[in-house]
Amino acid sequence: MRTPSRRAVLGAALAAAGTGILAACSDSMKGMEGMDHGKQAPAPAGFVRPDGPEVAAAEARRNPGAERKVALTATETTLDLGGRTVRSWAYGDALPGREVRATAGETLALTLANHLPQPTSLHWHGLALRNDMDGVPGVTQDPVRAGAAFDYRFALTRPGTYWLHPHSGVQQDRGLYAPLIVDDPKEPLAYDKEWVVVLDDWLDGVDGSTPEAVLSELSKGMGGHDMAGMGGHDMAGMGGHDAAGTAGPSRMLMGARSDLLGGDAGDVAYPFHLVNGRLATAPETFTAKPGDRVRIRLINAGGDTAYRVALGGHELTVTHTDGFPVEPAATQALLIGMGERYDVLVTVKDGVFPLTALAEGKGASALALLRTGGGAAPDASVRPAELDGRLVTAAQLTAAAGVRLPAKAPDRTVRLELTGGMAKADWAFDGRRYDPAQRHPVAAGERVRLEFRNSTEMWHPVHLHGHTFALVGAAGGGPRKDTAIVLPGTTLAVDFDADNPGLWMVHCHNVYHAETGMMTVLGYQA
């Protein structure tokens with residue numbers, strides 16, 4: 001009898017668990033063994049294809065400039081988190097992956113080599129790029145099979161703080177992520193130093209845990225567990241198995257509560273929380289001189305955790321969110337959902353200060369240090385008072401004058417109800433789990449309003465591919481974003497201009513909510 005490969009076992013188990021993208025990718029992989037590059041997936045009749053002439057024309061209007069060539073390898077590796085090593089998947093042997101940096105106006109030409117035991121892809125989170133480079137298997141391309149490579153090539157039109165990660169199963173909850181910074185050739189901000197800070201919740205390789213095991217456990221819902229006597233504690237230690245049969249502790253989390261998030265804070269009990277791939281007990285240290293003006297680019301690459309971030313002893317000035325400038329806003333703390341980015345400026349004082357990322361509602365935190373002078377470093381458990389101070393949310397921000405969406409009544413409203421819950425793990429839009437063939441039609445040139453009505457008991461960071469939207473109702477012109485938190489029991493309305501043809505994902509950026517069904521597709525009509 002032939003023994004199936006680990007990849008085949010994982011694929012079969014995930015398909016049985018009802019996952020979205022990997023199941024679709026498994027079907028689309030048939031007959032691809034001889035191919036070295038992914039290809040665009042077919043679209044239903046009546047919609048623009050990802051490789052259609054409309055997409056090529058939109059790319060030509062971006063006036064692609066000189067190439068910035070990058071090579072990236074997705075591979076199995078050993079990662080040092082700061083005194084604790086784990087086996088995981090990453091880009092190269094670093095966590096986060098090596099920063100990809102280019103300048104607006106250039107063309108990014110990146111070759112992804114897949115040395116993983118599974119197919120993969122690359123999604124460029126936050127970029128308004130050509131549709132056939134968006135990296136969504138089963139929608140914009142076929143997956144990049146194990147042992148193959150794929151050339152991503154597209155124009156970079158807007159400066160900002162972005163990041164890249166797979167859009168294949170739950171691979172993002174391993175070490176497969178990296179910052180993508182697009183510099184402004186006419187940068188208006190003045191600062192002495194810049195730090196890129198990537199926040200992450202971590203479980204892969206810890207005591208046998210894998211994201212696939214967590215997905216398998218969560219996909220069963222909470223109905224199969226006896227909740228009596230749990231007392232609000234997590235279920236770590238109850239035992240579980242991943243899709244390949246590897247034993248590991250349960251990672252299902254209950255009792256995580258946050259007023260900022262409207263109640264339930266998350267589903268997954270992560271053993272570690274990281275800043276730039278480092279544990280709080282071995283933090284990265286940023287150095288500067290007293291009085292330096294520092295730009296900090298904050299990226300939440302987590303799978304299930306919002307972070308409340310503060311720099312002890314300092315006030316922050318928010319200058320950007322999701323890559324777009326805002327009217328400067330002073331704050332002591334920020335709440336950052338998965339997929340969101342914020343840029344802040346800070347004038348640093350003399351001493352040693354904690355940059356703390358509190359795992360909102362989960363009773364844990366991540367840490368980095370700012371050192372501008374002598375003195376002892378604070379303990380890993382330090383909680384700066386600023387975490388409980390003034391906090392600015394996206395709804396309180398105003399888009400900078402040059403990027404405000406012009407006032408216009410929507411030509412079309414797409415209403416999406418966020419449905420489901422952990423009892424049955426039936427996360428979805430409108431009660432319908434993800435189907436890659438589903439399309440919500442829009443037309444080129446329209447002002448489109450998306451209304452997200454959250455009828456669940458949990459918060460969701462919703463992300464739109466290929467566009468930025470403006471938060472409706474924010475005073476003076478809502479900030480431009482591509483990912484925004486929708487609190488339970490609320491409706492969030494956002495507007496965008498349909499100016500980038502193709503097929504574009506809309507999904508919750510909680511990786512486990514997405515993979516159990518909370519994804520859908522907007523399709524431009526041909």
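So which trypsin sites (Lys or Arg not before Pro) in region 125-188 pass both tests, a DSSP loop state and at most 12 other Cβ atoms within 10 Å of the Cβ? Walk me through the numbers before you get to the answer.
Details: sites: ARG130, ARG145, ARG153, ARG174, LYS186; in loops: ARG130, ARG145, ARG174, LYS186.
Passing sites in region 125-188 are LYS186.
Entry comment: accessible area of the chain is 35 Å² per residue, from protein heavy atoms only and a probe of 1.4 Å.
In whole angstrom, note down how far apart the Cα centers of region 416-448 and region 488-526 are. So the two Cα centres are separated by 7 Å.
Note on LYS220 and GLU76: the model spin-label points, each 7 Å out from Cα along the C-beta direction, lie 2.5 nm apart. Sequentially through region 317-332, phi angles give Karplus couplings (6.51, -1.76, 1.60; θ = phi - 60°) of 10, 6, 10, 8, 9, 6, x, 10, x, 10, 4, x, 9, 7, 7, 9 Hz, Gly and Pro residues having no value and appearing as x.
Summarising the amide proton neighbourhood of ALA444: residues at separation of 5 or more, or on other chains, whose placed amide H is nearer than 5 Å comprise GLN525.
Counting only protein heavy atoms and a 1.4 Å probe, tell me what percentage of the chain's accessible area is made up of carbon and sulfur.
On the way: 9380 of 18610 Å².
It is 50 percent, rounded to a whole number.
Shown in residue order for region 109-118 are the 3J(HN,Hα) couplings computed by the Karplus curve 6.51 cos²θ - 1.76 cosθ + 1.60 at θ = phi - 60°: 10, 10, 9, 9, 9, 9, 9, 7, x, 10 Hz (x for Gly and Pro). Computed from the Cβ-Cβ distance with R0 of 35 Å, the FRET efficiency linking ALA395 to LEU189 stands at 0.90. Across region 266-275, computed HN-Hα scalar couplings (Karplus, 6.51 cos²θ - 1.76 cosθ + 1.60, θ = phi - 60°) run x, 10, 10, 8, 7, x, 9, 10, 10, 10 Hz from first to last residue, x flagging Gly and Pro.
Could you tell me the calculated FRET efficiency between ASP388 and HIS115, based on Cβ-Cβ distance and R0 = 41 angstrom, to the nearest 0.05? Spell out each step's value before the answer.
Numbers: r = 45 Å, r/R0 = 1.10.
Calculated transfer efficiency: 0.35.
Packing order of peptides 286-297, 197-208, highest average first: 197-208, 286-297 (average count of other Cβ atoms within 10 Å over each peptide's residues). Using R0 = 51 Å, the C-beta based FRET efficiency linking ARG404 and ARG257 works out to 0.90. Ranked by the mean number of other Cβ atoms within 10 Å per residue, highest first, peptides 65-72, 340-347, 424-431 order as 340-347, 424-431, 65-72.
For GLY126, the amide hydrogen comes within under 5 Å of the amide hydrogens of GLY466, counting only partners 5 or more places away or on other chains and with H modelled in the peptide plane.
Considering only Cα atoms, the convex hull volume of the chain works out to 142 Å³ per residue.
The values are calculated or read from the model by the stated rules, or taken from the named source; none is laboratory data. Quick caveat, the model's predicted, so the values are computed rather than measured. All Cβ positions, glycine included, derive from the backbone under ideal geometry; neighbour counts span all protein chains shown. These area figures cover heavy atoms from the full protein model, side chains too; ligands, DNA and RNA do not enter into them. Shrake-Rupley method; radii C 1.70, N 1.55, O 1.52, S 1.80 Å.
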